[in-house]
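Heads up, the thing below is written out as structure tokens.
The values are calculated or read from the model by the stated rules, or taken from the named source; none is laboratory data. These numbers come from a predicted model, not from an experiment. FYI the Cβ positions are ideal-geometry reconstructions off the backbone, even for glycines, and counts take in every protein chain you see. These area figures cover heavy atoms from the full protein model, side chains too; ligands, DNA and RNA do not enter into them. Shrake-Rupley method; radii C 1.70, N 1.55, O 1.52, S 1.80 Å.
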Amino acid sequence: MVAGLLYVVGLIAVLATLVVAGVHAPAQIDMVRAALDAPGGDLPATLIEVARLMQWAVLPFVGGLVLMGLGRIVMLLGAINRALRGTP
């Protein structure tokens, strides 16, 4: 029960982070496209700026993946425990 809850909470965190990051993506894609099209455009500085704007998404995304992983580990340990006990 707890393992499933961990997995679902992690999945929701990852999906919500991707959706919110996707909402902001068009403006950042336009920034990179403008830097590529400009004759004197500073592409490394633009990429650093885009990364700085997206740094908020790293913690919830990685945290959600960790929660999903912990949920899967707990599920696996429960399955191993049931298999080792055998049939009554």
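For the chain, with all protein chains in place and a probe radius of 1.4 Å, 76% of the accessible heavy-atom surface sits on carbon or sulfur. Rounded to the nearest 20 debye, the dipole magnitude of the chain is 680 debye, with +1 charges on Lys and Arg beta carbons, -1 on Asp and Glu beta carbons, and the Cα centre as origin. Given a 1.4 Å probe and the protein chains as shown, L67 ends up with an accessible area of around 50 Å².
Where does helix 2-37 land angle-wise versus the long Cα axis of the chain, in degrees 0 to 90, nearest 10? Once rounded, one gets 10 degrees. Rounded to the nearest 10 degrees, what's the angle between the helix 43-53 long axis and the longest principal axis of the chain, both from Cα atoms, 0 to 90? So the inclination is approximately 40 degrees. The relative contact order of the chain comes to 54 percent, based on Cα pairs under 8 Å that sit 6 or more residues apart.
Whole number in Å², please: accessible area per residue of the chain, 1.4 Å probe, ligands, DNA and RNA not counted.
I get 73 Å² per residue for this part.
Over the C-alpha atoms of segment 1-80, the Rg to Rh ratio, Rh being the Kirkwood estimate, stands at 1.24.
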